[in-house]
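Since every read-out is calculated from the coordinates, none of them should be taken as a lab result. Note that this is a predicted model, so its numbers are computed, not measured. Neighbour counts run over all protein chains shown; Cβ positions are idealised from the backbone, glycine included.
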Amino acid sequence: MSEDPAGSRRWRCDLGGDERWLSGAAGDDHFDRLPDALLLVIFNRIGDVKALGRCSLVSRRFHELVPLVDSVLVRVDCVIPDEPPSSSSSPSTPSSPTASVRARGVFSQIARIVLGGIVKPIQALGQILSPANSASGFPASSASLPSSSSSSSSPLPPGDVSHHSPSEVLRSFKELRHLRIELPAGELGMDDGVMLKWKADFGSTLGSCVILGASSASASPSSAGSDSASTAPSGDGGRTEPDECDDSGSIPESFYTNGGFKLRVVWTISSLIAAAARHYLLQPIIADHRMLESLDLTDADGQGVLTMDKCQLQELRVKPVSTSRDSHRTLMPELSMWLWYAPCIELPGGLVLNGATLVAIKPSEEGTGETVWNGAAGAAWVLDAFEEPYRTAVRMLLKRRTYSLEMNSF
Amino acid sequence: MAAAADSSGDGGTSSGEKTIVLVSSDNSARFEVREAAALLSQTVRRMIDEAGADASGDGITLPDVDAKTLAKVLEYCNKHAPASSSSSAAEAAPPAEGEEDLERFDREFVRVDMGTLYSLVTAASYLKIEGLLNLTCQTIADMIKGKTPEQIRKTLGITSEFTPEEEDEVRRENAWAF
C-alpha cells in the first residue's frame, strides 16, 4: 500500500479532463475513504452556514451529513424593520430621556432578520432609540441629535431581494449544539469618538450585563500615562473642561452637572434594550433547536455580545419569556447596577479612554451586593466580560469607588 | 526538565532520551522517534500502556498507517513534540519550537496533494493526534469555504450522484446559500 495509483491518476485528471471524474469509478474517490464522523469534524470547522448550504449540493453523502453539523455561524447580511416606527421616533416627548445615541438598526421595531443578496444595502435608519420610561426620569440630555431622525431607508425593489430568516436557514440543522449569529453592525450608532461595548447573558430574563463605555477612545502619543491621570481632560458630553481626578476614585461633582452621568444612564439603557431585543429575536430559533447548548449573538463591530449557555437555554424553554409592552423585546426585571468611573485611563497598547465607565448589572432578585460580589464567582463575571485590552480597563475601573444604583423594571 | 531515562527503552538518542519504534502497516518501514514525539498520539500512548514494558522490543506496528503517511506524520510529531518527554508533562508542556515557527511549518506541511491530505487526516484520526487532526481538518474545511458546489467537487475529487431533478430540488431548499 505504498504508492497509490489512484492518487497519481487524480493528479493527471486535475490538469485536464473533468469528464473523467464525472464517470470515474467509485474506487478512485479518495474522499469516500473518509468515514462520516471525520467528514462531520471537517464540516464543523467550516462554520459558515452558507458554505454548509452549498456543501449540501455537492453530493448525496454531503447532503445527508450537513444537517448533522453541530456548530454553525450565521452571518446576517442585513437587518430590516418589520414596520416603520410611528411616534416613537419623535424625540420631543419630554418625559422620556433622549438618547445621544443613534440607533442604526431599529431594534425595538425589528421582528425579522434578513439574509440573502440585497441589491441596495439598507442605509442607516437614523431611528432614535428612545428608551421606555425608566425610573430615572431624566430630562432630555443636551447632546446633539442626529439630523436624519426620521426613518428613511432606501426602498428595496421587491423583486431583487431574497429574504431568508435565520430560522429558515437553520431549519435543517436538527443537531445544532453551538450557534453563533453575527449581525452586520452594532445596533447603537455612536456620536463620534464614543466607545461602547456590552456583554449580556440571558436565561428567560437577564442574567447579567457588563457595559464598558468611554466618551472618547484614542491612541496615546505618550507612554507616561498612568491609570488615573490627574490633569487629563475628560471630554464628557462634548465639554472640554477637565474633570479633576479625585484620588479617592470618586466621581467629580461636575460629572453630575455637565451631563456626564445622564449620558451614562442613557448608554446603559440603550445597551440593555439592544440586548433585550436580541434576546427576543432568538426565541423561534431556540424553540426550533432543542439540542442547543450555546448561543452567541454578536455583531461585526464588536459592540455587543449576547450569550446563552446550556443552563440558560434550558431555563428559557421551561420558563416563558416576558416581553415588554413594546412587544419586540424582552422585559427587563428590576435591576441592581454598580458603576465605576475614571476620567482617564491608559491601557497597555496605548489606547486612552476618557470618561471611562464600567457598569455591572444584575437583576435585583439575585440578591444584595454582598451575595453578588462575595459569591463563588466574585467579580469574575465582570472581569471576564471583555477581551484585552478592555479587560485591563475593567480591572483598572474596578479599583475605583463603587456607585450603586437601582432601576425599575422596563 | 530533561527526560529521566528511567525505564528500559530499547534504544536511545545520545542524550539518553527514550525512543520508540513505530512500524508501518505493511511492515516496510520502521521509524525510531523520541518518546515525546510518539506520545503525541493517544493511540500510541494507549498501545504502550496496554503492552507494558516489553512493548518496545519489536516496535509498535500501526496497522492502519502506511509507510509514506507514517513518515509524514512523524515529521509533524517531531516538530511539535514538547521538549520534555516525561509522559505526564507531554500534553501540558509547550513544544520546543516557537509559535511562529510552528505556524509556518504547519502551513507548509499541508501543502500536499489531496491524496496525501486525505491520508494524513485519516492517520491523524486513527492515531488520535489532536494537533494534526485539527490542522488537516481545518485545511480541508478552508478548501470548502467560499467555493461553489462544483468547485468543491473538483477540489476534493468528488462525484455527484444527484440527478438533475434532485439537484434542482436541493438547490431550491438551500437557495439562501447562493
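The mean sequence separation of alpha-carbon pairs under 8 Å and at least six residues apart, normalised by the residue count of the range A:296-339, gives a relative contact order of 19 percent. Placing R0 at 56 angstrom, the Cβ-Cβ distance between B:Asp58 and A:Gln314 gives a FRET efficiency of 0.60 after rounding to 0.05.
Stretching A:Ser409 away from A:Asp288 to a fully extended chain increases their span by 40.7 nm, per 0.36 nm per residue minus the current alpha-carbon distance.
Placing a label point 7 Å from the Cα of B:Gln42 along the Cα-to-Cβ line, the residues of the range B:113-150 whose backbone N sits under 19 Å from it are B:120-138.
A simple spin-label model places the labels of A:Glu365 and A:Arg325 2.1 nm from each other, with each point 7 Å out along Cα-to-Cβ. Label zone of A:Lys174 (point 7 Å out along Cα→Cβ, amide N under 11 Å): in the range A:35-74 this covers A:67-68. The distance from the alpha carbon centre of the range B:33-50 to that of the range B:107-159 is 24 Å, rounded to a whole number. What FRET efficiency, computed as 1/(1 + (r/R0)^6) with R0 = 51 Å and r the Cβ-Cβ distance, is obtained for A:Thr402 and A:Arg33, rounded to the nearest 0.05? Rounded to the nearest 0.05, the efficiency is 0.25. The stretch between B:Gln138 and B:Glu150 holds 2.3 nm of extra length on full extension. This uses 0.36 nm per residue minus the Cα-Cα distance. Full extension of the chain between A:Arg75 and A:Ser220 gives 48.8 nm of extra length, using 0.36 nm per residue less the Cα-Cα distance.
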